Structures are given as structure tokens and as C-alpha cells.
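Engineer: Just dropping this structure here.
The values are calculated or read from the model by the stated rules, or taken from the named source; none is laboratory data. Everything quoted here is computed from the prediction, not taken from an experiment. With ideal geometry, Cβ positions are generated from the backbone for all residues, glycine too; neighbour counts draw on all protein chains shown.
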Amino acid sequence: MFTPVKGRSVIVTGGSKGIGKGIAGVFVREGANVLIAARDEGMLSAAAEELAAAAGGKLETTVADVSRVEDCRRLAQTAVERFGGIDILCANAGVFPDKPLAEMTEADVDAVLGCNLKGTMFSVQACLPALEASGRGRVVVTSSITGPITGFPGWSHYGASKAGQIGFLRTAAIELAPRKITINAIMPGNIATEGLADLGDEYIRGMEAAIPQRRLGSVDDIGNAALFFASDEAGYITGQTLVVDGGQVLPESPAALEGI
Ligand code: NAP
């Protein structure tokens, strides 16, 4: 039995939909106080309304663009003002526009790295004093299998940003250890979200066929992994990654999935 996270203060960036909303749902059902952040206020309100029904803890929202350092600082300050501190940061906000490398512009790269990599680094930096004050600070980064392990045409900038998060956390883990803060990353496979739905039925069917468990992951699958990393019992784990993908990265070739 793990120590409950009831009453802990949690920030989830990109918490208005998809995986972030799923992570927020898992924590709030466990009785944590959760601040979700994203750029679109309407989506944040809709998520808050949906999650409030299941809430054991408090669920609050704030508008923030994590690619802006000032917004990251304001986000951390808001959590401290509303919940009295920060125990857990789930650095989850991410974008994944596709573009072949041959057509990629500087603005395309800046947009993806700005949110996914720079946004992760500065949201962590902004929360450091409060995480240290917690005495058991936890950072859980949403990376991906795409980049650190696999590739997919159109997502070279995205893959670079997701692999970059892992490079970042390995050094951050060393720097944060004396402050009693752990930082770990989840590498989701293909998770059923509104964002993924935009990629179309054909893409989703192709992905299901490539996964040994023959299903996309759920947002709760990722939320539960985040809850584990955030637990007191995971306090000796830092700088590590956890693939949550139904076995997607395992087959050596399509032949490995034939007849199962
Ligand atoms: P999603 O459904 O599109 O949700 C993305 C969330 O991030 C939204 O709340 C969005 O709200 C927010 N966001 C985007 N840019 C932001 C910014 N600059 N500042 C603050 N919030 C921002 O995406 P998802 O599929 O849940 O992805 C969430 C994370 O999981 C990402 O890091 C992604 O790389 C990772 N991931 C997803 C999958 C998958 O299968 N879905 C697989 C591997 C990894 P606004 O647009 O209103 O800001």
C-alpha cells in the first residue's frame, strides 16, 4: 500500500486535455490539490468541470504558455498562493505538428523545442524553490518513445525535443538530489487522446496493429505511472525513464507480431 498523495499540491502543465487531463484526474481522485495549466482558457474550464465530478481534492486552473519563462514563473507562484506550496510537478505540455525535415523552417523547430524542451526546463526551474521546501519534491516529465527510442517520419523536431527532455533530466536529477527532489520521465507509446484522434482513423488502426497488446494506451495508464513516480515509495528513483506502451517498442520486425 503506497502512502496517499491526499492533500499534496500538484501542477500539471498541458492539463486541459489528453494525457495531462488524465494525469490530473488520477491525482485529484486520490485527493491531491491539482492546478492544471494550458494556453486556452475555455479548454481549461471544460476540463475543470469534467474533473470536478470525480474530485477528491481541489482542481484549479490557470492560463500559462510554458514556452514563455515568465509564464512558468507565474504558474509556480499561482500554485504556491492557492495551495501553499508545490509537491509534484507533472511537466506534460507538448505539441506534435508534423513536418518533413526537408520542409522544416526555423519557426517550426522553435515552436516544438520552445514548448516541449524549453517549456519543460523552465517549468521545472520555476518550481524548484517550492519543490525543495516540500522536502519530497517530485518532477514527472511526459517524454515519448518517439525520439529516445523510435522514430516516425515528419517528427524529427518532435523526436529531438522528447530525447532532449531525457538528456535534461539526467543532469537535473544529479543537481536536484541534494534538494531531495526526484525527476523521472514517462515515455508513452500511442495513447488515445483528442490530440491523437486528429491524426485520423487510418493512423490509429495502423498503430493498434503494431502494439502487442493490440490497443492504444489510456490516459489513466500514464496517470498511474505518474502517480507511482510521485509516491513517497519511489523516492529512491531519480533520473530514470519508464516506457508505458503495451509492448510497442518490442517487436524486432512486423513478423514478430504475426500469428499472436
Ligand atoms: P494534447 O491532447 O494535444 O494536449 C496537449 C496539452 O498541452 C493541452 O492541454 C494543450 O493546451 C497543452 N499545451 C500545448 N502547448 C502548450 C504550451 N505552450 N503551454 C502550455 N500548455 C500547452 O496532447 P497529448 O497527446 O495529451 O500530449 C501530452 C504530452 O504527452 C505531450 O508532451 C506529448 O508529447 C506526450 N505524448 C503523447 C502521446 C500520445 O499518444 N498522445 C505519446 C507520447 C507522448 P493548449 O493548446 O490550450 O495550450
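Engineer: Here are some conditions: (1) in contact (Cβ under 8 Å) with a residue 12 or more places away in the chain; (2) over 24 Å from residue 31 (Cα atoms). Residue 205 meets all but one. Which one does it not meet?
Structural biologist: Unmet condition: (1).
Engineer: In the stretch 153-195, what residues are within 12 Å of the ligand (Cβ to nearest atom), touching a residue at least 40 places away in the same chain (Cβ under 8 Å) and assigned to a loop (DSSP other than H, G, I, E, B)?
Structural biologist: 155, 189, 190, 193
Engineer: Scan the stretch 8-25 residue by residue and report those that are near the ligand (Cβ under 6 Å from one of its atoms), assigned to a helix (DSSP H, G or I) and over 17 Å from residue 123 (Cα atoms).
Structural biologist: Passing the criteria: 18, 19.
Engineer: Output the residues belonging to the stretch 188-204 that are within 15 Å of residue 225 (Cβ to Cβ) and either in contact with a Pro (Cβ under 6 Å, 6 or more places away or on another chain) or among the small types (Gly, Ala, Ser) (or both).
Structural biologist: The one that is within 15 Å of residue 225 (Cβ to Cβ) and either in contact with a Pro (Cβ under 6 Å, 6 or more places away or on another chain) or among the small types (Gly, Ala, Ser) (or both): 189.
Engineer: Kindly establish whether residue 91 is over 26 Å from residue 227 (Cβ atoms) and of a type in the set (Gly, Ala, Ser).
Structural biologist: Judged against the criteria, residue 91 is not a match.
Engineer: Given the conditions (1) within 13 Å of the ligand (Cβ to nearest atom); (2) more than 17 Å from residue 98 (Cβ to Cβ), and given that residue 207 satisfies all but one, which numbered condition is not satisfied?
Structural biologist: Here residue 207 clears every test but (2).
Engineer: Which residues, counting only those in the stretch 30-76, are more than 13 Å from the ligand (Cβ to nearest atom) and polar (S, T, N, Q)?
Structural biologist: Within the stretch 30-76, just 33 meets the criteria.
Engineer: Hey, another quick one. Within the stretch 220-242, identify whether any single residue is within 12 Å of the ligand (Cβ to nearest atom) and either more than 26 Å from residue 32 (Cβ to Cβ) or in a loop (DSSP other than H, G, I, E, B) (or both), and answer yes or no.
Structural biologist: The answer is no, given that none of the residues of the stretch 220-242 is within 12 Å of the ligand (Cβ to nearest atom) and either more than 26 Å from residue 32 (Cβ to Cβ) or in a loop (DSSP other than H, G, I, E, B) (or both).
Engineer: While we're here: With away from the ligand (no atom under 14 Å from the Cβ), in contact (Cβ under 8 Å) with a residue 60 or more places away in the chain and over 17 Å from the mean Cα position of the chain (by Cα) as the only criterion, which of 79, 102 stands out? Quick ask: steps written out before the conclusion?
Structural biologist: Working: 102 fails: in contact (Cβ under 8 Å) with a residue 60 or more places away in the chain.
Criteria check complete, one pass: 79.
Engineer: Across the stretch 4-14, what is the number of residues that are under 23 Å from residue 234 (Cα atoms), touching a strand residue (DSSP E or B) at 6+ places or on another chain (Cβ under 8 Å) and not polar (S, T, N, Q)?
Structural biologist: 6
Engineer: Could you check how many residues of the stretch 200-236 are aliphatic (A, V, I, L, M) and surrounded by fewer than 15 Cβ atoms within 10 Å (Cβ to Cβ)?
Structural biologist: Selection size over the stretch 200-236: 1.
Engineer: Checking residue 197 against (1) crowded, with 17+ Cβ neighbours inside 10 Å; (2) within 19 Å of the chain's Cα centre (by Cα); (3) over 26 Å from residue 31 (Cβ atoms); (4) among the hydrophobic types (A, V, I, L, M, F, W, C), which test does it fail?
Structural biologist: (1)
Engineer: Inside the stretch 82-99, can you point out the residues that are under 22 Å from residue 17 (Cα atoms) and within 16 Å of the ligand (Cβ to nearest atom)?
Structural biologist: 89, 90, 91, 92, 93, 94, 95, 96, 97, 98, listed by residue number.
Matching residues to (1) modelled with pLDDT under 95; (2) closer than 19 Å to residue 224 by Cα:
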| site | (1), (2) |
| --- | --- |
| 17 | no, yes |
| 23 | no, yes |
| 29 | no, yes |
| 32 | no, yes |
| 37 | no, no |
| 52 | yes, yes |
| 64 | no, no |
| 69 | no, no |
| 105 | no, no |
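Engineer: Is it true that residue 109 is assigned to a loop (DSSP other than H, G, I, E, B), surrounded by fewer than 19 Cβ atoms within 10 Å (Cβ to Cβ) and within 16 Å of the ligand (Cβ to nearest atom)?
Structural biologist: Considered against the rule, which asks whether it is assigned to a loop (DSSP other than H, G, I, E, B), surrounded by fewer than 19 Cβ atoms within 10 Å (Cβ to Cβ) and within 16 Å of the ligand (Cβ to nearest atom), residue 109 comes out as no.
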